[in-house]
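Each remark here refers to the structure printed beneath this line.
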Amino acid sequence: MASLELKGVRKAFAGTPILDDVSLSLESREFIAFLGPSGSGKSTLLRIIAGLETADAGEVWLEGRRIDTLPSGKRDIAMVFQAYALYPHMSTRENMAFGLRNAKVPRDEIERRVADAAAVLEITPLLDRKPAEMSGGQRQRVAIGRALVKHPKLFLLDEPLSNLDAALRLRTRVELAQLKQKVEASVIMVTHDQAEAMTLADRIVVMNDRRIQQVGAPMEIYSRPGNVFVAQFVGSPAMTLLPVKLAEGATDATVYLGDGATVATRVARGGLPVAADLRLGLRPEAVRVGGGVATTKAKVELVERLGERTLIYARLADGTAITAEDDAYSRVAIGDEVGLAIDGSAAHLFGPDGTGYHRAAA
């Protein structure tokens, strides 16, 4: 039985559609990330699951029980908000115990749950501190602990790391990754940060334009994007998309770039749209500067040195932009004309409607 099921969820505000026929299944103890830009509907969907918003249509089921007809407090769900929302006059212990006291849980059971959650989150030394005496990362762990003590069937995390600085965000991300191994419940996290989604999630739900664009494991989303939006939203820098023409013959598609160069892909020709203009999708690692026999040439516009590798932003003779990769100690400079070796086996093709086509799965 699926832990959570969404069936045809729709939502509009003042006549403007926000969610359009969203359906999804979440397995037991699965960690799912809702990933998408601002306005894609991911936070609204989370709030509908939590009972903080009401769907205009559709159903929400949790472990075989329909919950969208229940008040939020009866859904067996715990939510951690972007803002920590801790009571400033209460200690960590009191903040974590507050909801349990309101639910009339026996005192000894409250003490046991608080102690257990504090041990899991490594905040036992902070139990007598108030929020003002703690760092942002510590306050975030207290907020997670307050949800953890409820022993919910589902955790909802609404951009839990967005208020932290870069160094603390990385550390807390590691802590969340460790925490998910210890928690019995399923977890849904809303984020616009693809590094968080790729690191933490068992599956990623990519959302845009009111709908789910693709659902898959992190590397499936990265290596086999379902459409142009997913291809360019997931991955940093974004995938290069080049207009191409399909060459005649061959089982796998060979395409012509705008400057006449050819790229032999591993995408089956038979599955492509007939007589249509296509776009060739290339991750930076599939385009090497000076590696092997050059497929084409480009003029360098920007060199980005990242330590372990160098990214080269360049422009082909027909004016189209392309991103390539070079070694860490690349000597390429702005204004240089460089040869680019394109690995056609790692290339993707996209049809006129944006649908992605990829090499056969291994």
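Only residues that are basic (Lys, Arg) and surrounded by 16 or more Cβ atoms within 10 Å (Cβ to Cβ): list them for the stretch 71-101, please.
75, 93
Hey, can you tell me all the residues within the stretch 269-291 that are aliphatic (A, V, I, L, M), under 18 Å from residue 247 (Cα atoms) and over 29 Å from the mean Cα position of the chain (by Cα)?
Within the stretch 269-291, 274, 275, 276 qualify.
Out of all the residues in the stretch 24-46, which are in contact (Cβ under 8 Å) with a residue 40 or more places away in the chain and in a helix (DSSP H, G or I)?
Those that are in contact (Cβ under 8 Å) with a residue 40 or more places away in the chain and in a helix (DSSP H, G or I): 42, 43, 45, 46.
Which of the residues that make up the stretch 258-291 are over 16 Å from residue 357 (Cα atoms) and of a type in the set (Ser, Thr, Tyr)?
262
When you scan the stretch 55-148 for helices (runs of 4 or more DSSP H) that lie fully inside it, which ones turn up with 3 or more residues that are hydrophobic (A, V, I, L, M, F, W, C) and within 20 Å of residue 160 (Cα to Cα)?
Here the list reads 107-121, 136-148.
Which condition breaks for residue 9 when tested against (1) under 23 Å from the mean Cα position of the chain (by Cα); (2) under 18 Å from residue 153 (Cβ atoms)?
Residue 9 satisfies every listed condition except (2).
Of everything in the stretch 10-37 that's among the polar types (S, T, N, Q) and out of contact with any Asp or Glu (no Cβ under 7 Å at 6 or more places or on another chain), which residue is surrounded by the fewest Cβ atoms within 10 Å (Cβ to Cβ)?
16
Please verify whether the stretch 164-180 includes one or more residues that are among the β-branched types (Val, Ile, Thr), surrounded by 23 or more Cβ atoms within 10 Å (Cβ to Cβ) and assigned by TED's automatic domain parsing to the domain that holds residue 91.
Checking the stretch 164-180: not a single residue is among the β-branched types (Val, Ile, Thr), surrounded by 23 or more Cβ atoms within 10 Å (Cβ to Cβ) and assigned by TED's automatic domain parsing to the domain that holds residue 91.
Considering only the stretch 1-23, how many residues are in a loop (DSSP other than H, G, I, E, B) and without any contact (Cβ under 8 Å) to a residue 24 or more places away in the chain?
Matching residues across the stretch 1-23 total 2.
Between a first residue in the stretch 171-198 that is at positive phi and a second residue that is surrounded by fewer than 21 Cβ atoms within 10 Å (Cβ to Cβ), which pairs have beta carbons less than 8 Å apart while being 6 or more apart in sequence or on different chains?
If the second residue must be surrounded by fewer than 21 Cβ atoms within 10 Å (Cβ to Cβ), no pairs are left.
Among all residue pairs at least 6 apart or on different chains, which show Cβ distances below 8 Å where the first residue, located in the stretch 237-251, is at negative phi and modelled with pLDDT of 90 or more and the second is part of a loop (DSSP other than H, G, I, E, B) and polar (S, T, N, Q)?
242/320; 243/320
With the checklist (1) more than 16 Å from residue 185 (Cβ to Cβ); (2) surrounded by fewer than 20 Cβ atoms within 10 Å (Cβ to Cβ) in hand, flag the one item residue 41 doesn't pass.
Unmet condition: (2).
When you check residue 190 against the structure, is it buried (at least 18 other Cβ atoms within 10 Å of the Cβ), over 22 Å from residue 170 (Cα atoms) and either assigned by TED's automatic domain parsing to the domain that holds residue 170 or of a type in the set (Val, Ile, Thr) (or both), yes or no?
no
The values are calculated or read from the model by the stated rules, or taken from the named source; none is laboratory data. Just so we're clear, the structure is a prediction, and the values are computed from it rather than from any experiment. Heads up, the Cβs are rebuilt from the backbone with ideal geometry, glycines too, and the neighbour counts pull from every protein chain shown.
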